[in-house]
Structure formats: C-alpha cells, structure tokens
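The structure under discussion is supplied below as structure tokens; questions concerning it will follow.
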C-alpha cells in the first residue's frame, strides 16, 4: 500500500476564456480565488486569467478553468459533442431553487431543462456562459 494516496485538488473546466467563466462560478457559488489568481486592478493586464485560474471554498476541492485552443462547448443532452462531466449542486427548497434560477440567468447562464415541477426532485439544468452543463436540484436534507 502506498504511503500517500493522491489528493483530489480540482475539477477542471476547459474554456476559451478562463476569467469570465471563473467569475461566473465565483459569484454563483460564493467561491474565492486561490492566492495569486485574483483579478488585477481595472485596466491592468491579466496574464494569470488568460490560461489557468483556480477557485476554492476553504481548503477543499477547487474548481479550475483552463484555456484551450479551439474550445467547442459540449452539447446537451445529445449532439456532436456530448457532455463528459457536469457539476451538481443542491438547495434545500423549491423557493430557493426559484431564487437560484434567477441568479443563474442574471449571471449569464441559460436554462437547458426546466424540471422545476418534478414531484420527486425539482431540478434546473443549465449551461454556464461557456456552455458547460450544470444542475441545481432540491435536496431537502442538504
């Protein structure tokens, strides 16, 4: 048995422009930039934001953004570029789901599937500004 097991550090999303996508998720989930990845002062160059950025919630798992040439957003639920992964998040009530729905749209996300009336698991499936699917669903015990 190895002495140290690998530590899962980040979930990485490919994108054409890391800074705008990181800002979307920073605001949506209330995350903070890893030290050194913060946005520069207005009007200043942003070399860190051009290639790779990391957001964290405390010392836990991070959400990272990596620039790739010729980025093509995934298509959901089917199409030429199917999703290979997505982020799941939950809220505790239908009312909170409605509130978060409005926040997602205001931040630049778009609704892919309206499952708000689902009796067992109310859910909204969204695309972030770069096209990555993610879900917000009601889990009363969350």
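Here, each number is a calculation from the coordinates, and none is a lab measurement. Given the structure is predicted, the values throughout are model-derived calculations rather than measurements. Neighbour counts are summed over all protein chains in view; Cβ atoms, including those assigned to glycine, are modelled from backbone coordinates with ideal geometry.
Hey, what angle do you get for helix 94-107 against the long axis of the chain, alpha-carbon based, 0 to 90 degrees rounded to 10?
40 degrees
Right, another one. Looking at the chain only, what percent of DSSP beta bridges run antiparallel? Nearest 5 please.
Percent antiparallel among DSSP bridges in the chain is about 60.
So how far apart, in nm, are the two label points at residue 29 and residue 120 if each is 7 Å from Cα heading toward Cβ?
Computed distance between label sites residue 29 and residue 120 equals 2.6 nm.
How far apart, in nm, are two points set 7 Å out from the Cα along the Cα-to-Cβ line at residue 42 and at residue 139?
3.9 nm
Hey, any idea what Rg/Rh is for segment 67-117, computing Rh the Kirkwood way over Cα pairs?
Ratio of gyration radius to Kirkwood radius for segment 67-117: 1.04.
Continuing with the same structure: Just to be sure I understand: of the beta bridges DSSP finds with both ends in segment 87-138, what percent are antiparallel, rounded to 5?
Restricted to segment 87-138, the bridges split so that about 65 percent are antiparallel.
Moving on to the next point. How are the Cα pair distances of segment 13-95 distributed, in percent, across 10 Å bins from 0?
Percent of Cα pairs in each bin: 16, 42, 31, 11, 1.
What translational diffusion coefficient, in µm²/s and rounded to a whole number, does the Stokes-Einstein relation yield for the chain at 10 °C and a viscosity of 1.306 mPa s, taking the hydrodynamic radius as the Kirkwood radius over Cα pairs?
Here the translational diffusion coefficient equals 97 µm²/s.
Tell me, in nm to one decimal, what length is gained between residue 86 and residue 11 on full extension, where the rule is 0.36 nm per residue of separation less the Cα-Cα distance?
Separation in residues times 0.36 nm, less the Cα-Cα distance, equals 26.0 nm.
When the helices in the chain are scored as -39500 (n - 2.57) per DSSP H run of 4 or longer and the sum is shared across all residues, what 222 nm value do you end up with, to the nearest 500 deg cm²/dmol?
Counting only the DSSP helices, I get -6000 deg cm²/dmol.
Another one. Select from 70, 86, 101 the residue whose mean-square fluctuation is largest in a Gaussian network model of the chain (Cα-Cα springs shorter than 10 Å).
So, out of 70, 86, 101, the one fluctuating most is 70.
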